[in-house]
Amino acid sequence: GTVTFLFTDVEGSTKLLHALGAEAYADALATHRRLLRDAFTAHGGVEVDTQGDAFFVAFPTAPGALAAAAQAREALAEGPIRVRMGIHTGTPLVSAATAALLDGAGLRDLGQHRLKDLTAPERIYQADSDEHPPLKSLHQTNLPIPATPFLGREAELAELAGLLARDDVRLVTLTGPGGTGKTRLALQAAAEAADHFPDGVWWVPLAPLRDPALVLDSAAKSLGASGDLADHIGDKRLLLLFDNIEHLLAAAPDLGRLLSGCPNATLLVTSREPLHLAAEHEYGVDPLSRPDAVELFLTRAQAVKRDLSANGEVARICERLDHLPLAIELAAARVKVLSPQALLERLEQRLPLLAGGARDAPERQRTLRATIEWSHELLTGEDQRFFRRLAVFRGGCTLEAAEAVAEADLDSLQSLVDKSLVRVRPESGRFWMLETIREFAIEQLEGSGDANEVRRRHTEFFLALAEEADRVTGLNHEHTDEWAPRLDAEMDNLRAALDRLTAPERAELAQQLAGALWKFWYMTGSLGEGMNRLSAALAYDTPPTAHRARALNGGTAMAMETGEQPTARRWADEALEIARMLGDPFDIAHAEFLLANVEAGAENWAAARELLERSRDAFWRLRPNGHYALLSTRVLSWVYFEMGERGLAQELAEQNLLDARAAGNTRVEAMTLGQLASRAIDDGRLGEAAPLVRDSYRLKRQQGDQFNVASDLFTIARLLAYADRPTDAAKVLSRSSALYDELGAIIPPYDITEIEKVMGRIKAALSDAEYARAQEAGRTLTDEEIDAIVDDAVVRLT
């Protein structure tokens, strides 16, 4: 049957908050909610939604809704809060549809009004004969009525409303790439700001124009001015929305003069680049947030396919489309013939798919390609060259990279940023493109004739970057914390360079680049990617160079952690053979050190000891207290321990901890702390072990050393199990196992026996159900939860 809707809103809530103060306003608001709910319930109302101080209530009959509004108004009469109530359409008023069901009884006809949601005009009725403040409707406007409702962007609307309400703000320019929804946001913002402009809000569409001299003429036509526009406006307080001015920027000085001559006029402008006027407040329009993007897609898709069935694909579709409103609308139209899963698969090539928009949309918004082409055609030839060259970067680039690879300079980059084709991340200064725009730029690059040269420069630049990182961090690791974030930021570019080096004739360069990156992959726990890249590079039969030896060393380290022991031994043997042939003392020591680790992994302790003692002595001769001198000492201490020489092992580890701290080497410090903690647990010295493993774990986590974090989690689980805390032990052990799985690494074979002991203690103390619950909870244990467990253990055991 017929349902009548009632909406409420507190009148002047912000002003009232300031007048009453926060505490008194909160009390008044609570009373207001109680009184309204009493009135609604008394007349059969059902509360559908509450947003802040606003109610949305449904009634089975129109008279019931009107009676509830009257009761609510009377109940609030003695208090400070005044509420506007709209039945069916608006503010303390009634729409024509509701009036027809009430036989017009007690209603006052207020005529046709356009409300601020930009819907078509509606005849409004007032629910009593008393005088009320004038309706806040769009009585003087030519704003177009969009065909679809406005979705999302509440925060942006609030910010723009604040800007347009300020007396010191006369010009606001919404900037952003094509398809971000600048026009739709500007129209809504103009409607929302109507209360501040008693002389109206007026839309001036500029997309069809080609002559900048016609901009003010078009504005005059929109306002119905027969003479000079500035004379017509005079002192009027109005808002002019100039829509799509990017191709008419020569008219910007005319807008500046208009502002000077009309002291109460405000201009709202949409453009793909700013006007660069002194009065301008630039407001960048970003793509939609993830929730808003998903809502837009579903709303538009269900308009063409009511029985749409989608799971997690919609969020991924929106992400592939950079959350651009236009791209999302065009994609949503495709669900009539493509399932969301099929659509997602086809979005590898976005531009051909995103065509066929609404026939009543401007031609340049019928396809995403046309929208981007519109911006591209406005560029100078030089800017077009820089634009297409920048497409070679994946994940953006630094200014230095743009200069070296694209031969761009700061001015050219600023120009592309101004035109919304390139974006800049303020926190890092990196330049980047939306992927939809980058795809178009790649097409331009492919057709330009200089794609191969640009790609060659790109590969050489990132090969040099990786080599510098390896050189600076390779011997001492002092700058690892500085370089790891730099390499992480460039990982997509480094992958692109590696992808180009997969051919046999480029295998030596692939080995050089992969070999320079192996420590980064290892320290950040990217074992799977590192192993795959190194395996691909080493698959080719290349000369025995230092670059191949370095890649073999890296592959050995990866293979040991991923459980590929035969491969690790084969690569370690070849690396040592090349190092001895080339004769570099450090490379020989490094290869012997890695081969020693392979032997230790196979529990060939005597062979491991011989190699380690030799490599350790060489490292100390080459650089006393250097990273590898300390690292090899730590591993040698472990081997001594496994061979039963516990006193020597303990003495060596304790001295190594002091040496690492003296050298400021926090990586070896962390590993040695974990080693000493594990031995203390073996000896039953739990109070001594607890702070050691806590400090080790936190240092490794700070360093991003995920593989050794997983190892320390196992040590923490051991500590908790032997301290008779089986539930926490089960949780932390589960998290350790999950992290090894996430890294694609195996639990070291020498830990397996001890893990079985720990699990035996845990299962003996817990029921099967308790153990299962602890395991499940442990898989998603957060860093903060682990910290709390460890801190509690330290307090209890020390």
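Points worth noting:
- Residue check, Thr715 closer than 30 Å to Met531 by Cα, without any contact (Cβ under 8 Å) to a residue 12 or more places away in the chain and polar (S, T, N, Q): no
Condition check ((1) under 12 Å from Thr175 (Cβ atoms); (2) of a type in the set (S, T, N, Q); (3) at pLDDT 95 or above) across all residues:
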| site | (1), (2), (3) |
| --- | --- |
| Arg237 | no, no, no |
| Ile245 | yes, no, no |
| Leu248 | no, no, no |
| Ala251 | no, no, no |
| Pro263 | no, no, no |
| Thr270 | yes, yes, no |
| Glu273 | yes, no, no |
| His276 | yes, no, no |
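- Odd one out for Glu603 among (1) open to solvent by less than 60 Å² (accessible area, probe 1.4 Å); (2) at positive phi: (1)
- Qualifying residue in segment 605-615 (condition: touching a His at 6+ places or on another chain (Cβ under 8 Å), at pLDDT 95 or above and in a helix (DSSP H, G or I)): yes
- Residue pairs whose Cβ atoms lie under 6 Å apart, separated by 6 or more positions or on different chains, with the first residue in segment 228-257 and on the phi > 0 side of the Ramachandran plot and the second part of a loop (DSSP other than H, G, I, E, B) and open to solvent by less than 20 Å² (accessible area, probe 1.4 Å), are Asn244/Leu206.
- Total residues in segment 157-190, condition open to solvent by 20 Å² or more (accessible area, probe 1.4 Å), touching a helix residue (DSSP H, G or I) at 6+ places or on another chain (Cβ under 6 Å) and closer than 12 Å to His281 by Cα: 1
- Subset of segment 664-698 that is outside any helix (DSSP H, G or I) and not polar (S, T, N, Q) - its residue that is most open to solvent (accessible area, probe 1.4 Å): Asp683
Per-residue answers, yes or no, for (1) farther than 24 Å from Val472 by Cβ; (2) without any contact (Cβ under 8 Å) to a residue 24 or more places away in the chain; (3) in a helix (DSSP H, G or I); (4) open to solvent by 60 Å² or more (accessible area, probe 1.4 Å):
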site: Pro624; (1), (2), (3), (4): no, yes, no, yes
site: Arg634; (1), (2), (3), (4): no, no, yes, no
site: Ser637; (1), (2), (3), (4): yes, no, yes, no
site: Phe641; (1), (2), (3), (4): yes, no, yes, no
site: Gly644; (1), (2), (3), (4): yes, yes, no, no
site: Glu651; (1), (2), (3), (4): yes, yes, yes, yes
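- Hey, Ala589 open to solvent by less than 10 Å² (accessible area, probe 1.4 Å), assigned to a helix (DSSP H, G or I) and modelled with pLDDT of 95 or more or not: yes
- Close contacts from segment 275-292, counting a first residue that is more than 17 Å from Thr436 (Cα to Cα) and of a type in the set (Ser, Thr, Tyr) and a second that is open to solvent by less than 50 Å² (accessible area, probe 1.4 Å) and modelled with pLDDT of 90 or more, with Cβ to Cβ under 8 Å and a gap of 6+ residues or different chains, come to Tyr283/Leu160; Tyr283/Leu163; Tyr283/Val172; Tyr283/Thr173; Tyr283/Leu174; Tyr283/Thr175.
- Residue selected from segment 427-452 under the condition under 16 Å from the mean Cα position of the chain (by Cα) and open to solvent by less than 30 Å² (accessible area, probe 1.4 Å), by the criterion nearest to Ile317 (Cα to Cα): Leu434
- Sole exception among (1) more than 15 Å from Asp712 (Cβ to Cβ); (2) without any contact (Cβ under 8 Å) to a residue 60 or more places away in the chain; (3) small (Gly, Ala, Ser); (4) out of contact with any Lys or Arg (no Cβ under 6 Å at 6 or more places or on another chain) for Ser736, by number: (1)
- Answer from Asp712, Asp728, Asp741 - the residue that is closer than 18 Å to Thr562 by Cα, under 34 Å from the mean Cα position of the chain (by Cα) and surrounded by 24 or more Cβ atoms within 10 Å (Cβ to Cβ): Asp712
The values are calculated or read from the model by the stated rules, or taken from the named source; none is laboratory data. None of the values given here were measured: they were computed from a predicted structure. FYI the Cβ positions are ideal-geometry reconstructions off the backbone, even for glycines, and counts take in every protein chain you see. Only protein heavy atoms, including side chains, enter the accessible area calculation; ligands, DNA and RNA are left aside. Shrake-Rupley method; radii C 1.70, N 1.55, O 1.52, S 1.80 Å.
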